[in-house]
Amino acid sequence: MARSPSLHVAVIGAGIVGAAAAHFLAAAGARVTLLDASGPAAGATGASDGAVSVASKKPGPMMDLARHARAFYGSCEADGLLRGLFHRRSTFLVARTRLEAELVAEHGADLAAAGERVLDVDRPTLLNRIPGLGDGVCFALEIPDDGHALGYEITQRLLQRSAVTVRRNAPVSEIVMRAGQAVGVTIRDELLPADAVLVAAGIGSVGLLGLGDILIPRKGQMVVTDRAAAGRPAIDGHLMAASYLAAKRGIVRDNAHIGLVIDPLVTGQFLIGGSREDHRADQATDAATISAILRDALDLYPPLRQRRVLRTFAGVRTASRDGLPIVGPHPHLGGVTIATGFEGDGICLGPFMGASAARMILGEAPGVDLSMLAPQRFSRAEALA
Amino acid sequence: MTDLAKTDLAKTDLAKTDLAMTELPVLVVGGGPAGVAAAVALAEAGLRVLLIEQRDRLGGAIHRQPAVGAPQIWRGPARHRRNWAELASRLEHVAERIELRTSTVFLGIDGAGRFLFDDRMAGRVFARPVRAAIVAVGAVEKIAPFEGWELPGVMSAGGAQVLLKETGRPPEGPIVVAGSGPLLLAVAAQLARAGNPPLAVLERGRPWHKPKALARLMTAGAPLAEAASYAAVLALKRVPCHVGSEVLGVSETGQGLTIRVRAGSAESLLQARHLLIHDGLEPNRAGIPLPAPGAEVPVLLAGDGREILGADAAILDGQRAASAVLSRLGHAASAAPLEAALSKARNFQLALAEALRSKATPPTPQTMLCRCEGRRYADFAALPADASAREIRLMGRFGLGACQGRFCGPMLAELRGEALPTANPPRWPLRPVSVAALANFSTDETES
Ligand SMILES: Cc1cc2nc3c(=O)[nH]c(=O)nc-3n(C[C@H](O)[C@H](O)[C@H](O)COP(=O)(O)OP(=O)(O)OC[C@H]3O[C@@H](n4cnc5c(N)ncnc54)[C@H](O)[C@@H]3O)c2cc1C
Ligand SMILES: Cc1cc2nc3c(=O)[nH]c(=O)nc-3n(C[C@H](O)[C@H](O)[C@H](O)COP(=O)(O)OP(=O)(O)OC[C@H]3O[C@@H](n4cnc5c(N)ncnc54)[C@H](O)[C@@H]3O)c2cc1C
């Protein structure tokens with residue numbers, strides 16, 4: 001499958017996207033060096049939830065891509081690569097006001113139009129599925145074909161099952177160009193020669209490629225509780241509040257919005273999130289935000305009252321100006337491919353997008369039309385330096 | 001405050017800010033000898049102090065009091081009791097400047113610089129602005145892991161000591177005390193006094209092979225006398241103490257434990273109901289945030305939480321930290337000759353460590369390292385040698401459980417031969433906190 005067995009690709013960033021690209025490049029016979037400033041899953045991938053969810057996506061290309069990406073998880077789970085790491089479970093879209101109910105209903109119609117199964121659930125059925133659900137919940141839809149995967153587990157598995165050379169503590173400061181073509185990358189004083197370079201460095205891509213006008217960091221704070229059940233999810237589905245949909249559909253634009261999700265992990269713990277703080281690239285959590293998340297979570301699902309908070313953490317989503325990921329060849333730098341801008345969807349999209357980026361680098365067409373993600377789209381307005 | 005004072009000071013914004021700053025307390029976390037000594041010294045210098053202790057009363061590891069109604073079976077060396085009584089009476093004198101909050105856990109500093117506390121009685125997390133902080137949260141016990149240490153019936157010697165002090169009753173049935181360090185003798189002697197002398201004390205080190213270190217210890221005075229008194233009790237109760245002897249593994253048999261012991265090249269089996277293990281102390285640093293030296297709100301460590309120097313030195317170290325805070329805040333601080341006394345304590349600890357230095361047999365792959373998440377040595381060995389902090393936590397699942405690595409952290413560092421990389425920024429909460437209490441969080445504005 002590989003063009004040349006000697007093709008050496010330097011992949012910058014060992015998040016889920018870089019790890020997937022590296023895995024599939026190596027599987028196709030390329031020689032791959034995966035470089036990370038810290039280590040695998042050091043960025044958003046190790047500080048996120050893992051909803052592999054179509055239910056949450058904005059109608060349009062994102063919803064369609066998410067359906068492909070979720071199906072890709074299914075096939076990787078079936079062929080053994082991701083066995084045991086991808087768990088099917090329903091997403092419940094829940095509304096607590098009339099306005100929210102309208103929003104959820106509208107979103108449900110969009111999902112159905114995209115081909116997604118959408119089930120109406122009345123309150124008694126819902127209470128049967130999620131005992132203890134808050135009194136305020138007045139409307140809900142079930143999206144039964146969603147799933148969950150932990151970004152760091154996926155990253156680790158992709159790297160274990162491949163011959164990729166992983167270099168930790170290897171910050172890339174520069175992509176070295178000669179005659180318009182990438183010839184390698186600089187790591188401190190070292191020049192690592194490469195025939196092709198993939199930039200999958202999350203928010204670090206900004207510095208490497210000068211994308212400050214195109215990408216912004218969006219911090220998210222989350223909470224992990226102790227176990228409510230032993231070795232199985234404590235409730236029968238992922239609770240996604242209308243506030244999360246509102247953010248995803250671009251209805252709210254305030255800088256410290258909380259899009260509430262309550263995610264039952266397979267360990268029996270809950271993962272509760274999250275804030276959406278634009279232009280924040282730090283990983284600190286603060287009591288005011290965390291307590292606001294918890295107050296909202298208690299309103300939606302009061303049994304959380306019995307849990308204890310074990311940890312809080314924050315991750316940084318990399319959001320593009322137009323809300324779509326950036327995947328494809330750099331318009332001016334030969335031999336450089338970009339795969340970033342996955343915002344709050346990169347765990348879902350990551351393996352599929354990494355595999356697609358690998359195919360692009362190998363000169364093959366990705367299985368799905370990804371032209372709307374091409375970096376080229378920004379160079380019309382200004383030079384993508 | 002009178003109304004007059006209020007109007008006077010409210011004249012300029014500057015005066016207002018000054019007042020707010022000077023009225024802010026200095027935070028002291030930990031009500032052991034170091035924390036209480038620091039709080040007293042600060043209050044005596046005229047500052048307001050907020051003293052936070054997670055337990056329901058002051059005392060720390062050494063002056064832990066029996067629970068209400070339980071008998072006091074052991075009162076510790078007279079010197080320690082005198083020191084504590086003196087601190088307590090000084091505390092009385094400056095009580096109006098010290099706001100004491102017991103049953104309150106320090107949760108760390110959040111990303112907005114808030115000092116966070118969990119009021120366990122009220123079920124509420126609160127924040128308080130402070131001028132400076134002294135963190136004196138004591139030590140954690142180390143253990144050298146071997147197969148079966150996580151079984152019921154095995155517990156840390158320090159934990160057993162706490163139970164003994166609080167309940168006034170020793171565990172029932174035959175007990176073996178093993179590991180390394182002076183605490184083995186202390187706990188064994190306390191058990192003997194309480195009516196259940198251990199079957200045996202097994203010390204891994206061979207102090208008789210380290211004559212130079214022993215000679216240095218002989219000049220120690222008070223701590224030496226303390227050790228001698230424990231040894232005397234053990235001799236009287238005919239408790240055999242073996243050196244150069246270590247536990248290789250333990251398994252459950254019927255009602256009790258079968259303990260596999262090695263001394264030199266000889267192995268033997270012991271039967272007991274309880275195995276108490278301990279391998280020294282380490283500063284309790286897990287997640288303690290230390291801002292840069294020039295930070296607006298300085299945070300200093302004191303006592304065993306800074307350096308393991310023992311109970312006498314902990315008092316001095318609390319005073320040292322208080323002096324440092326006072327001079328940072330522009331107050332005259334007494335330059336008492338603390339450093340000399342601290343370095344004497346340090347030399348004693350170094351000699352002790354040298355006398356007992358011994359390498360534990362490496363754990364087998366099956367040996368449990370993290371009880372919270374059930375992670376074994378094989379899981380740890382499978383991590384790459386240059387694994388990042390995040391890989392150790394997320395992929396190794398070490399330090400992810402309820403104790404947040406407070407217990408397995410030192411163990412892993414020992415096995416790795418270097419300190420574990422720390423999470424950056426440090427994480428709060430330092431301890432698990434109820435969802436309801438944290439949801440109840442009130443901000444600084446309403447608090448102060
Ligand atoms: C709070 C939160 C919740 C989320 N929940 C979900 C969810 O439920 N479902 C979902 O699908 N997605 C979710 N996401 C989004 C998802 O985590 C990200 O989209 C995804 O992890 C992005 O992966 P990545 O590989 O592109 O980037 P990252 O994981 O950020 O990886 C980039 C890597 O590049 C490295 N790097 C950066 N610069 C350099 C350099 N110069 N040299 C070398 N290495 C460099 C970094 O160290 C890092 O390891 C969430 C994100 C957050 C923050
Ligand atoms: C298990 C054990 C047994 C010991 N036995 C002996 C002995 O027999 N003889 C002897 O001479 N010395 C003994 N020592 C040593 C002696 O106790 C110490 O040298 C001395 O107590 C140190 O004082 P300190 O104030 O630094 O810490 P400590 O006395 O440990 O005090 C720390 C205090 O901080 C509190 N704290 C911790 N974390 C938090 C938090 N997050 N929020 C609020 N409060 C918190 C603790 O409850 C504790 O009261 C023992 C130590 C330990 C750990």
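Could you look through segment A:183-239, keep only residues that are under 30 Å from A:I130 (Cα atoms), part of a strand (DSSP E or B) and of a type in the set (A, V, I, L, M, F, W, C), and pick out the one that is nearest to ligand 1 (Cβ to nearest atom)? So, considering only residues that are under 30 Å from A:I130 (Cα atoms), part of a strand (DSSP E or B) and of a type in the set (A, V, I, L, M, F, W, C), the one nearest to ligand 1 (Cβ to nearest atom) is A:M222.
In the set (1) more than 19 Å from B:N440 (Cα to Cα); (2) in a helix (DSSP H, G or I); (3) more than 11 Å from ligand 1 (Cβ to nearest atom); (4) small (G, A, S), A:G328 fails one condition alone, (2). In segment B:37-55, the qualifying residues are those that are outside any loop (DSSP other than H, G, I, E, B) and within 12 Å of ligand 2 (Cβ to nearest atom), and the one that is farthest from the other protein chains (Cβ to nearest Cβ) is B:A37.
Being within 15 Å of ligand 2 (Cβ to nearest atom) and within 30 Å of B:M411 (Cβ to Cβ) is the filter here, so list the residues in segment B:321-343 that pass it. Listed by number, the residues that qualify are B:A321, B:L342.
Residues are listed down the side, and each one gets a yes or a no for (1) assigned to a helix (DSSP H, G or I); (2) crowded, with 20+ Cβ neighbours inside 10 Å:
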| site | (1), (2) |
| --- | --- |
| B:V162 | yes, no |
| B:K165 | yes, yes |
| B:P171 | no, no |
| B:A178 | no, yes |
| B:L185 | yes, yes |
| B:A188 | yes, yes |
| B:L191 | yes, yes |
| B:L202 | no, yes |
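Filtering segment A:141-193 to residues that are without any contact (Cβ under 8 Å) to a residue 60 or more places away in the chain and not hydrophobic (A, V, I, L, M, F, W, C) leaves A:P144, A:Q160, A:S173, A:E174, A:R178, A:T186, A:R188, A:D189, A:E190. Residues that are free of Cβ contacts under 8 Å to residues at least 40 places away in the same chain and basic (K, R) occur at least once in segment A:251-261.
In segment A:119-143, what residues are within 16 Å of A:A109 (Cα to Cα) and out of contact with any strand residue (DSSP E or B) (no Cβ under 6 Å at 6 or more places or on another chain)? Step through it out loud before you land on a result.
In the first step, residues of segment A:119-143 are kept if they are within 16 Å of A:A109 (Cα to Cα); the result is A:119-121, A:139-143.
Passing the criteria: only A:D120.
With respect to the conditions (1) part of a loop (DSSP other than H, G, I, E, B); (2) within 16 Å of ligand 2 (Cβ to nearest atom), A:G323 falls short on a single one, namely (2).
Working only within segment A:207-259, note down all residues that are among the hydroxyl-bearing types (S, T, Y) and modelled with pLDDT of 95 or more. Break it down into steps so the answer makes sense when it comes.
To start, the set of residues in segment A:207-259 that are among the hydroxyl-bearing types (S, T, Y) comprises A:225, A:243-244.
A:T225 - this is the single residue of segment A:207-259 that is among the hydroxyl-bearing types (S, T, Y) and modelled with pLDDT of 95 or more.
Residues that are small (G, A, S) and either surrounded by 24 or more Cβ atoms within 10 Å (Cβ to Cβ) or without any contact (Cβ under 8 Å) to a residue 60 or more places away in the chain (or both) within segment A:15-38 comprise A:G15, A:G18, A:A19, A:A20, A:A21, A:A22, A:G29, A:A30, listed in sequence order.
Could you please let me know if A:T312 is under 20 Å from the mean Cα position of the chain (by Cα), crowded, with 21+ Cβ neighbours inside 10 Å and facing another protein chain (nearest Cβ under 9 Å)? Yes: the conditions hold for A:T312. Counting just the residues of segment A:298-309 that are facing chain B (nearest Cβ under 7 Å) and among the aliphatic types (A, V, I, L, M), which one comes out surrounded by the most Cβ atoms within 10 Å (Cβ to Cβ)? The residue in question is A:V309. Look at (1) within 23 Å of B:G405 (Cβ to Cβ); (2) modelled with pLDDT of 95 or more and you find that B:E141 fails only one, number (2).
Assess whether A:S162 counts as being hydroxyl-bearing (S, T, Y) and either in a strand (DSSP E or B) or outside the structural domain of A:G328 (by TED's automatic domain parsing) (or both).
Working: hydroxyl-bearing (S, T, Y): yes; either in a strand (DSSP E or B) or outside the structural domain of A:G328 (by TED's automatic domain parsing) (or both): no.
No: the conditions fail for A:S162.
Does at least one position in segment A:249-263 carry a residue that is in contact with a Pro (Cβ under 7 Å, 6 or more places away or on another chain), more than 14 Å from chain B (Cβ to nearest Cβ), closer than 15 Å to A:V309 by Cα and in a strand (DSSP E or B)? The answer is no, given that none of the residues of segment A:249-263 is in contact with a Pro (Cβ under 7 Å, 6 or more places away or on another chain), more than 14 Å from chain B (Cβ to nearest Cβ), closer than 15 Å to A:V309 by Cα and in a strand (DSSP E or B).
Among the strands (runs of 3 or more DSSP E) confined wholly to segment B:56-133, which include 3 or more residues that are in contact with a strand residue (DSSP E or B) (Cβ under 7 Å, 6 or more places away or on another chain), surrounded by 16 or more Cβ atoms within 10 Å (Cβ to Cβ) and within 14 Å of chain A (Cβ to nearest Cβ)? Write out each step before concluding.
Numbers: elements: B:98-101, B:104-109, B:115-119, B:124-128.
Strands (runs of 3 or more DSSP E) meeting the threshold: B:104-109, B:115-119, B:124-128.
Which of the residues belonging to segment A:264-297 are assigned to a helix (DSSP H, G or I), in contact (Cβ under 8 Å) with a residue 12 or more places away in the chain and surrounded by fewer than 21 Cβ atoms within 10 Å (Cβ to Cβ)?
Step one: of segment A:264-297, the residues assigned to a helix (DSSP H, G or I) are A:287-297.
Restricting the remaining residues to those that are in contact (Cβ under 8 Å) with a residue 12 or more places away in the chain gives A:289-290, A:292-294, A:296-297.
Those that are assigned to a helix (DSSP H, G or I), in contact (Cβ under 8 Å) with a residue 12 or more places away in the chain and surrounded by fewer than 21 Cβ atoms within 10 Å (Cβ to Cβ): A:A292, A:D296.
Residue-level check: of (1) under 30 Å from B:T364 (Cα atoms); (2) away from ligand 2 (no atom under 16 Å from the Cβ); (3) of a type outside the set (S, T, N, Q), B:H278 misses just (2).
The values are calculated or read from the model by the stated rules, or taken from the named source; none is laboratory data. Being a predicted model, the structure only gives us computed values, none of them experimental. Cβ atoms come from the backbone with ideal geometry, glycine included; neighbour counts cover every protein chain shown.
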